[in-house]
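The structure appears right after this line, and notes come after that.
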Amino acid sequence: DSLVADGSYNSDIDATWAVFDRDIDIKKPNDKETFNEALALAQRNNIQVAYSNDSFEIWFLLHLQPVSTEMHRDAICEKLKTHLGTYKHGDDIFELIDGNYSEAVKRANQALKAVGSTHPVDANPSTTVHILTEKLRKNMD
């Protein structure tokens, strides 16, 4: 609001984003509702969303391999361990995977195409993190 008020808002580069994942958890039967509520809240408030289903780590894994079947976050982390030798949630692996960024974007787009019009809560595997990173990279040039 302050950017708009002082005239410095630029609709080409200024945006508010939320980044979150689904985190399917059988111990939390309302995880679908929570995810959907977060999407709806963002939409009502003109906030763009970079989501991942099932976990943010799907974005990391797409740097290393295509993913075309539903995967739980535990399986995703195991695949990351296989590729990287070691991985635990929260590890900073950016430098290890960034060289495959273009391939990850391509794979993320393929995953979105594969899930088609499936609602994001049911679109596993999918992520829109690449949409945010592409905007950020474009605006850094």
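Some notes on this structure:
- Inter-site label distance for Arg137 and Thr118 at 7 Å from Cα along Cβ, in nm: 2.5 nm
- Where only DSSP H runs of four or more residues are counted, the chain gives -13500 deg cm²/dmol as its mean residue ellipticity at 222 nm, each run worth -39500 (n - 2.57).
- Stretching the chain fully between Ser8 and Asn45 yields a gain of 11.3 nm (0.36 nm per residue, less the alpha carbon separation).
- When the Cα gyration tensor is reduced to axis lengths a ≥ b ≥ c, the ratio a/c is 1.5 or higher for the range 1-98, and with a/b not above b/c it is classed as oblate.
- Tilt relative to the chain, helix 73-84 - C-alpha long axis, 0 to 90 degrees, to 10: 80 degrees
- Percent accessible area from carbon and sulfur atoms, the chain, protein chains only, probe 1.4 Å: 51 percent
- Summary value for the range 8-141: 29 percent relative contact order, contacts being C-alpha pairs under 8 angstrom separated by 6+ residues.
The values are calculated or read from the model by the stated rules, or taken from the named source; none is laboratory data. Everything quoted here is computed from the prediction, not taken from an experiment. FYI the Cβ positions are ideal-geometry reconstructions off the backbone, even for glycines, and counts take in every protein chain you see. Accessible surface areas use protein heavy atoms only, side chains included; no ligands, DNA or RNA. Shrake-Rupley method; radii C 1.70, N 1.55, O 1.52, S 1.80 Å.
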